[in-house]
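As structure tokens, the structure follows; a few thoughts come after it.
The values are calculated or read from the model by the stated rules, or taken from the named source; none is laboratory data. Given the structure is predicted, the values throughout are model-derived calculations rather than measurements. Cβ atoms come from the backbone with ideal geometry, glycine included; neighbour counts cover every protein chain shown. Surface areas here come from the heavy atoms of the whole protein model, side chains and all, with no ligands, DNA or RNA. Shrake-Rupley method; radii C 1.70, N 1.55, O 1.52, S 1.80 Å.
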Amino acid sequence: MKASMVFVLACFGALALWPLAAGAYGIDLVSKIMVYAIFALSLELLVGATGLVCFGQAGFFGIGAYAAVMLSPASDAGALLWLLPASMLIAGLYALVVGALSLRTKGVYFIMVTLAFAQMAYYLVHDTPWGGGSDGIYLTAKPVLGSLLDLDQPLQLYGVTLFCLVAVFGALALLLRSPFGRALAGIRVNEQRMRATGFSTYPYKLAAFTLSGAIAGLAGFLFAVKDGVVNPELMAWHQSGAVLVMIILGGLGHLRGALIGAFAFALLQELFKSEAVFGAFAKHWHLGLGLTIIASVALLPKGLVGLPALWRERLMGRGALQRAGAAADTATDTTATEGGAA
């Protein structure tokens, strides 16, 4: 079993056991971080897997959150079985429209168009009574699944959030190993060459963009249910920037990097906000967080996911690692030759 797989399984196992050791605050904090991890995974599919730098991911996140609240009954708990898919569907449909238009541009123009669509959604709910204005709207009663699940209970919400995180991670891992995922990897490396080999890259990018929006909508749904209130700040540009920082901090090109980045970013926020640690400086927590992220990017160009390799390089020396890699390649070639001769 690969070390990366062991690491991911260990992380999910630790998350499953966390409620046994944590109090109410710890459960609520990790629930929030897992929601952000799902959000980060949605953007990782675009940036890390497809090479599309989207700066409007918060729009889909916010639409999923608003859909969860606005589709819920005014005086009773809604049904989880249809509210969750409906929120994902609405976010995915908006992503389909945005992607159909924005994917006709490239580079910085693509970034700006996706940002513009997210800001359109932001001002739609901010400047109209339809979305509650700047105050937002409240979720009267949290969804239930018959008598089996009541998401008003923190432990049950924690379990559902963990299940969604594992499901999203597993689904994306399988997707990226499928022919569709290989096509996305080819687009990321060299889209022009993919077109030269006969691939129509636009449908692949649009499918990835739509799926990414639906997953962000799932994260928005869970966020709305956890907090019981939504406001336009969920769609603000700085939210898109924050999730982009998460996947860069964790390490682009790796699903586990999105998980690590989400947890690292959220825990750093909590650390720098702590008056018990930083005293009066805690009110300037943005400064401390920003400097830490700059240092991390400068010292860890491959993100936190590349830290073990960096440690091995420092301990063994780069030359030793290169010789070990060359020896492994030689052994592989020798095995293949012997197999062919046999």
- Note on the structure: Descending accessible area (1.4 Å probe), largest on the left, turns Ser212, Ser296, Ser75 into Ser75, Ser296, Ser212
- Task: Considering only Leu287, Leu175, Leu155, give the residue with the highest GNM mean-square fluctuation for the chain, with springs between Cα atoms whenever their separation is below 10 Å.
- Result: Leu287
- Note on the structure: Helix 237-250: inclination vs the chain longest Cα principal axis, degrees, rounded to 10, gives 30
- Note on the structure: So the number of lysine pairs in the chain with alpha-carbon atoms under 27 angstrom apart, 8 or more residues apart or on different chains, is 14
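I need to check one value: relative contact order of the range 1-127, counting alpha carbon pairs closer than 8 Å and at least 6 residues apart, in percent. Intermediate values should be presented prior to the final figure.
Details: 68 pairs, mean separation 34.4, N = 127.
Over the range 1-127, the number comes to 27 percent.
Can you give the relative contact order of the chain as a percent, counting alpha carbon pairs under 8 Å and 6+ residues apart?
Details: 483 pairs, mean separation 96.1, N = 342.
Computed value for the chain: 28 percent relative contact order.
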- Message: If you take volume of the Cα convex hull per residue in Å³ from the coordinates, which of (i) 152; (ii) 334; (iii) 185 do you get?
- Response: (iii)
- Task: Determine, for each peptide in 244-252, 7-15, 276-284, 78-86, the mean count of other beta carbons within 10 angstrom over its residues, then list the peptides with the highest first.
- Result: 244-252, 78-86, 7-15, 276-284
- Give a residue-ordered list of calculated ³J(HN,Hα) values for the range 166-181 (Karplus: 6.51 cos²θ - 1.76 cosθ + 1.60, θ = phi - 60°; whole Hz; x for Gly, Pro). 5, 5, 5, 4, x, 5, 5, 4, 5, 4, 6, 9, 8, x, 4, x
- Task: Find the accessible area per residue for the chain; the probe is 1.4 Å, ligands and nucleic acids are left out, and the unit is Å².
- Result: 50
- Note on the structure: In nanometres, the difference between 0.36 nm per residue of separation and the alpha-carbon distance of Ala3 and Arg177 is 60.9 nm
- Read phi for every residue in the range 110-118 and hand back ³J(HN,Hα) as whole Hz from Karplus 6.51 cos²θ - 1.76 cosθ + 1.60, θ = phi - 60°, with x for Gly and Pro. 5, 4, 5, 5, 5, 5, 5, 5, 5
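How high is the relative contact order of the range 108-253, in percent, counting Cα pairs under 8 Å that sit 6 or more residues apart?
On the way: 85 pairs, mean separation 54.6, N = 146.
After rounding, I find 37 percent.
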- Task: Using a 1.4 Å probe and ignoring any ligands, DNA or RNA, find the accessible area of Tyr123 and quote it in Å² to the nearest 10.
- Result: 120
- Mind grabbing the accessible area of Tyr204 for me, 1.4 Å probe, Å², rounded to tens? 60
- When the accessible area of the chain is computed with all protein chains present and a 1.4 Å probe, what percentage of it is carbon and sulfur? 68
